[in-house]
Amino acid sequence: MELKTKVQTYIINYQCDKCKQGNMVFQGKAKKGIDNKTMMFQHRCNKCSVIQDIKGKQYPQMRYEKVEIKDVDKLLDNLHSESKNLFFYSLTEDCRKSMEEE
Ligand SMILES: [Zn+2]
């Protein structure tokens, strides 16, 4: 059975520790750390070109988080009332469509 879950997508960047302006980008190279277990991933700053090994992680990273109802409420609070109405309109429109399809 297929289950569908609405998610929010986040892109996690690692800000360069040296110039604090660029982002660290994984270079496709990895090696074992000093403990001989953890992988060290080679990253390069897209601004100052500094090379840094990051323990166990690759950036940029994509993260998916489930959309909670309370987050949707929070989102709506931040919207201008006019676009809020539009949002509700498209929301009900979608609901209507999916009901018609069934
Ligand atoms: Zn940098």
Matching residues, segment 52-69, being free of Cβ contacts under 8 Å to residues at least 12 places away in the same chain and hydrophobic (A, V, I, L, M, F, W, C): ILE69
Tally of residues being surrounded by 14 or more Cβ atoms within 10 Å (Cβ to Cβ) and at positive phi across segment 20-29: 0
Residue within segment 4-19 that is surrounded by fewer than 15 Cβ atoms within 10 Å (Cβ to Cβ), at pLDDT 95 or above, over 30 Å from VAL67 (Cβ atoms) and not charged (D, E, K, R) present: yes
Filter result for LYS47 (within 16 Å of the ligand (Cβ to nearest atom), surrounded by 12 or more Cβ atoms within 10 Å (Cβ to Cβ) and of a type outside the set (A, V, I, L, M)): yes
Selection count, segment 1-27, where residues are free of Cβ contacts under 8 Å to residues at least 12 places away in the same chain and part of a strand (DSSP E or B): 1
Residue in segment 58-65 that is modelled with pLDDT under 70, more than 16 Å from the ligand (Cβ to nearest atom) and of a type in the set (Asp, Glu) present: no
Boolean, LYS32 is more than 8 Å from the ligand (Cβ to nearest atom), exposed (fewer than 11 other Cβ atoms within 10 Å of the Cβ) and within 30 Å of VAL67 (Cα to Cα): no
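The values are calculated or read from the model by the stated rules, or taken from the named source; none is laboratory data. From a predicted model like this one, the values you see are computed outputs, not experimental measurements. Heads up, the Cβs are rebuilt from the backbone with ideal geometry, glycines too, and the neighbour counts pull from every protein chain shown.
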